[in-house]
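*Asks:* Sharing a structure below in structure tokens format, with a few things to ask.
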Amino acid sequence: MAKRKKKTPKKDKRKQEKIKANKVTVSTPKEDIKKELKISAIEEGTVIDHIPTDAAFKVVEILDLENHKGVVSIATNLQSKSIGKKGIVKVGGKGLTQEEVNKIAIVAPDATVNIIKNYDVKEKIKVRTPDVIDNVVKCSNPVCITNNEQIPTKFYVVKKDPLKIKCHYCERIMGKEDIEII
Ligand code: CTP
Ligand code: ZN
């Protein structure tokens, strides 16, 4: 006998659909709606959206989500009109500190941080790439003083998009592919 598919309880389904129904514009292709529904809405927490797809796991690392006790959903390679392919990270039961938002801005300059309360987007923050990055990124130059002595790193942002930063100490220029978060 064929097994019956486990059904989402009707109440939950309605809740999810209601949330999307408020957001979806008439011009949203049906295909996109289906894709969006694959990642459940969260009740309380933070959604980091519009992450360049290859930076989604860096965001996970920045937020130390491996050790987070609440729900974490990570999606990559989603279609985005503004940035091509994007990633999304949804974290249940967690707010972000300003320091965490600043770090995210370095790997995801177009990210939006959505604060969710009771299933609603209560606040939407557009991250901003800082002009100076203090003690967040490791210098890729092995002989840089910051890799040999107890000195916090410091970089100047030379270009925001694509990101190019310059070490205050050894003047090494680094691109986004060289970036390793401390
Ligand atoms: N979201 C969620 N859980 C909720 C509400 C929203 O996971 N309870 C997610 C949505 O799936 C979306 C993000 O939070 O990825 C932002 O939601 P919303 O502002 O409703 O979507 P958009 O209008 O598409 O956002 P933007 O304009 O920033 O692209
Ligand atoms: Zn250096």
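*Asks:* Which ones in the stretch 147-181 are more than 20 Å from Pro52 (Cα to Cα), out of contact with any His (no Cβ under 9 Å at 6 or more places or on another chain), within 14 Å of ligand 2 (Cβ to nearest atom) and not in a strand (DSSP E or B)?
*Replies:* Asn147, Asn148, Glu149, Ile151, Pro152, His168, Tyr169, Cys170, Glu171, Arg172
*Asks:* On to the next question. For the stretch 108-146, which residues satisfy the criterion of being basic (Lys, Arg) and either part of a loop (DSSP other than H, G, I, E, B) or farther than 25 Å from Asp161 by Cβ (or both)?
*Replies:* Residues satisfying the conditions are Lys117, Lys122, Arg128, Lys138.
*Asks:* Tell me, please, whether a residue that is in contact with a helix residue (DSSP H, G or I) (Cβ under 7 Å, 6 or more places away or on another chain), within 16 Å of ligand 1 (Cβ to nearest atom) and in contact (Cβ under 8 Å) with a residue 12 or more places away in the chain can be found in the stretch 127-148.
*Replies:* Yes, that holds for at least one residue.
*Asks:* Out of all the residues in the stretch 99-107, is one or more in a loop (DSSP other than H, G, I, E, B) and either in contact (Cβ under 8 Å) with a residue 24 or more places away in the chain or over 20 Å from the mean Cα position of the chain (by Cα) (or both)?
*Replies:* no
Matching residues to (1) within 29 Å of Ile173 (Cβ to Cβ); (2) at pLDDT below 95; (3) surrounded by fewer than 16 Cβ atoms within 10 Å (Cβ to Cβ):
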residue	(1), (2), (3)
Leu78	no, yes, no
Val91	no, no, no
Glu100	yes, yes, no
Asn135	yes, yes, yes
Val143	yes, no, yes
Asn148	yes, no, yes
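*Asks:* Go through (1) surrounded by 14 or more Cβ atoms within 10 Å (Cβ to Cβ); (2) modelled with pLDDT of 95 or more and name the single condition Lys122 misses.
*Replies:* For Lys122, the failing item is (1).
*Asks:* Still on this structure: Does Val121 satisfy being closer than 15 Å to Val47 by Cα and more than 14 Å from the chain's Cα centre (by Cα)?
*Replies:* yes
*Asks:* Further question: Determine which member of the set Ile88, Ile173 is more than 24 Å from Ile42 (Cα to Cα) and among the β-branched types (Val, Ile, Thr).
*Replies:* On inspection, the qualifying residue turns out to be Ile173.
*Asks:* Another question, if that's okay. Any idea which of (1) touching a Lys or Arg at 6+ places or on another chain (Cβ under 9 Å); (2) within 23 Å of Glu61 (Cα to Cα) is the one His168 doesn't satisfy?
*Replies:* (2)
*Asks:* Here's another thing I want to ask about it. Sort out which residues of the stretch 47-92 are of a type in the set (Ser, Thr, Tyr) and part of a helix (DSSP H, G or I), and write them in order of number.
*Replies:* Scanning the stretch 47-92 gives a single hit, Thr53.
The values are calculated or read from the model by the stated rules, or taken from the named source; none is laboratory data. No experiment lies behind these values; they were computed from the predicted model shown. Note: ideal-geometry Cβ built from the backbone for every residue, glycine included; neighbour counts use all protein chains shown.
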